[in-house]
Structure formats: structure tokens, C-alpha cells
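Asks: Before I ask anything, let me first share the structure, which is written out below as C-alpha cells.
Each reported figure results from applying straightforward, stated rules to the coordinates on display, with no laboratory input. Computed from a predicted model, the values in this text were never measured in an experiment. Methodologically, a virtual Cβ is constructed for each residue, glycine included, from the backbone with ideal geometry; neighbour enumeration extends over all protein chains shown.
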Number of protein chains: 2
Amino acid sequence: MVNTKSTDVFSSIVDSAEKRFCRYGLKKTTMTEIAGDIGLSKASLYYYFPNKEELFKEVVSQGHQTLLNEFEGLLSSDVPAEELFHIYLKKRLVFFRDFAHLSSLSLESINSLKPVYAELFENFRKEEILLVGKVLAKGIAARDFDNLDIAYFSELFIAIFQGLRHNVIIKKDIINITETEYSLLQKQYESALNMFVKGIKK
Amino acid sequence: MVNTKSTDVFSSIVDSAEKRFCRYGLKKTTMTEIAGDIGLSKASLYYYFPNKEELFKEVVSQGHQTLLNEFEGLLSSDVPAEELFHIYLKKRLVFFRDFAHLSSLSLESINSLKPVYAELFENFRKEEILLVGKVLAKGIAARDFDNLDIAYFSELFIAIFQGLRHNVIIKKDIINITETEYSLLQKQYESALNMFVKGIKK
């Protein structure tokens, strides 16, 4: 085994893992299967990722980054702040559904995995708050929004939509989202966003 | 043992249980202690409540009813709809904190108790939605609010504030609420309510 990690191999592992998690969930995917998919020895796979949880974290983390980067690109465009919020929430809801599907985790297992994921989720939350802050700042600069406390309202924004998502998962044993729940969430997201924007508009 | 249940004994049991749960939490309270508090034999206590969970359900259920009744009384007063929402949310938040204190449950144990409590919480939620619907109807009748879909907006109202509460408990092992979390929730409740009301105002 060489002592350097290849970016190509790293990417192939993550891609294959994502496909497997997506189809079978975290629990039913084995490291052996992922290694097999890309013709890698198990030892080599463990050289890149010491366990399945680390690999899952990488998949989720890349998902976070893609979401944030795609959106960061829009910030400098001439799309108005209110429209940016609509776009962001649409993407965020799809991400939520994909993650639920990817993990098919029980709340209990999420709790037992907490130490592994807590930091990941906390970092993502912080980056989301910063991003929402940038949208608010854009809206304030354009005189669309009142001159408000950006830090507080960014956090409130994230809390409201996170709360609506939490309502769906807290009641169940396995975190899966039905079509009905997803449609209701979409509708609640729209209504809550309209209220939020109306609340901070000049 | 006589074959009829005395309302006085029933009330004494519930009062004593509430005090114990409040001081020591559900897990650390025993049926023997509750019986001892009011000089009742254990057999008599079990005649009224077959187990501690049933007794806890009664305590919580009476809490729900008190909250709902107190508020129902205000509905026919001349307090405007917007002010009624403020009053309700204040009471609801105190109830949330008391319940967390009463139970000191872990999310895991709440999940394992789900079949016992699911119906209780679902009924409370339904009654809350009806109550919020009455406030909305009052505001519409007074031409304070737009003529909106009462069923949908009542559910959205409950979902938003329930979501803000869920954010606090989903992240922890034991459902206890710190002073900092409570203060932030109070602030978020105020802001979210102002947005909600602004969103539906004529």
C-alpha cells in the first residue's frame, strides 16, 4: 500500500458509497460491497476510510458543500433576496429528503451516532446561518428589507424551517418521508417564507 | 376494596403524583412513594391506576385540559385575536417547560413510550388546532385578519411553534430545557408570532 491517497480513488469510493446508501440505506450497505463496486481491496478502502460512518459523513458533507456552493454562486447574481430564499428552501427540502433516504436511520440510531455527526450538522447549520445572513444583507442593501438584526433573523429563519422538518421526523421510528409529508412540508415552507418576508419587508 | 372509585381519592393521587414527578421526574418516582404520600395502600393505588405510565398520562392530560380550558374562557372575552395568540403562546411555552421538567425523559424512552403517549399528544394537538382555529375565526370576524383557510393556517400555526420546540429537544439525550434555551425560545416565539400575524393581517 502506498502512503499517499489518490483523489481519483477517493472520489470513486464516495461516488459508489453514495449510490449504495441511496439505494439500500446506511445500515444495509457494507464496506465489502463498496470496495467490490470499484474493484478495490478492502484494505485499500480502509486506508481511505477507517469505517463506514466516516464514509457516510464524507457523502453527507459533500452534499452539504454542493448545496452551499450552488447557492453561494447565486448570491452575486442579480436575483432579488426574496427569490433567493425561495430557491434556497427548495434545494434544502430536496436535500432533506435525499438525506433521509440515504440514511434510513432510526432516531435511536441517530442518537447513538450523535458524537459522530453532531459536529457535521452543527457546522452545516452555522454555514447555513451565514448564507441566510448574506441574503438578508443583500435584501437590506437593496432596500427590500428593513434594517434588522441580521444574526438574530438568520438564526430565526433557519430555526423555523428546521423546526418544520423536525416535526416530521420526531414522531417516527425510522426517518423516512412520505409523499404526503413532503407535499405538506413544501406548502408549509412556502407559507412560512411568505410570512417571514412580509414580516421583514420595508 | 370497594368497587367504586372516589373522586377525592383520584384527585389526591393525581396531585401527589404531579408533585413527585415535578420534583424527581417520572423515572425516579415510584408508585409506593405516591401511595405513601396520601396514606393509601399500594393495592388501592393500583385499583385507580394500573401502572405509573397511566398515572403520568393522567397528570399530563389534566395539564392539557387546564391549559385549554383557561384559554377557552378567554375566547368569548373582548380580548382581540392577536393578543389571544400572545397569551396562548406564553402559556404553551410554560407548559412545555413544566412537562419537560415533569418527565425528564430521554428521547429514546419517549420513543419506547410512544404507543402509550402517541394518542394523548395527538389529541392535544388536535384540540390546540381547533382552538387556534377559533382565534383565527375571531380575528376574521373582527376584520383584523384576511379571510383565510382556517384549517390550513391553524395547522401551520401549531407546526411552526411545535417545530421551534422540537429544535430544542431533538438534539439532546435528556429532555431538559436550560434557561438560555428557554429565553431564546421566548424570543423566537415573539418574532414568529409577529410575522405570522403580519402575514395574515388585513
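Asks: For the range A:135-149, just list the computed ³J(HN,Hα) in residue order, Karplus coefficients 6.51, -1.76 and 1.60, θ = phi - 60°, integers in Hz, with x standing in for Gly and Pro.
Replies: Result, ordered by residue: 5, 4, 4, 4, x, 5, 4, 7, 6, 7, 10, 4, 7, 10, 6 Hz.
Asks: What list of ³J(HN,Hα) couplings, whole Hz, do you get for the range A:154-161 from phi and the Karplus terms 6.51, -1.76, 1.60, once you set θ to phi - 60° and write x for glycine and proline?
Replies: 5, 5, 4, 4, 4, 4, 4, 6
Asks: Hey, if you put +1 on the Cβ of every Lys and Arg and -1 on every Asp and Glu Cβ in chain A, which of A:175, A:22, A:56 ends up farthest toward the positive end of that dipole?
Replies: A:175
Asks: Which whole-Hz ³J(HN,Hα) couplings does the range B:54-67 yield from phi under the Karplus relation 6.51 cos²θ - 1.76 cosθ + 1.60, θ = phi - 60°, glycine and proline marked x?
Replies: Per residue, the Karplus-derived 3J(HN,Hα) values read 5, 5, 4, 4, 5, 4, 5, 4, 5, x, 3, 4, 4, 4 Hz.
Asks: Taking H placed 1.01 Å from N in the peptide plane, check which residues at least 5 places from residue A:145 or on another chain put their amide H under 5 Å from its amide H.
Replies: The answer is A:140, A:202.
Asks: Over what distance in Å are the Cα centres of the range B:128-176 and the range B:33-47 separated?
Replies: Comparing the Cα centres of the range B:128-176 and the range B:33-47, I get a distance of 40 Å.
Asks: May I ask for the percentage of alpha-carbon pairs in the protein assembly as shown that lie more than 34 Å from each other? If you can, show how the numbers build up before the last one.
Replies: Numbers: 34062 of 81406 pairs.
The proportion of pairs with Cα distances above 34 Å equals 42 percent.
Asks: Quote the convex hull volume per residue of chain B, based on C-alpha atoms, as a whole number of Å³. Before the final figure, lay out each step's value.
Replies: Working: hull volume 26.5 nm³, N = 202.
Once divided by residue count, the hull of chain B is 131 Å³.
Asks: Could you pull out which residues in the range B:55-71 have an amide N less than 18 Å from a spot 7 Å beyond the Cα of residue B:11, following the Cα-Cβ vector?
Replies: B:58-67, B:69-70
Asks: Placing unit charges on C-beta atoms (Lys and Arg positive, Asp and Glu negative, everything else neutral), compute the dipole magnitude of the protein assembly as shown about its Cα centre in debye, rounded to 20. Numbers along the way, then the final one.
Replies: Numbers: 52 positive and 54 negative charges, 45 e Å.
Its charge dipole is roughly 220 debye.
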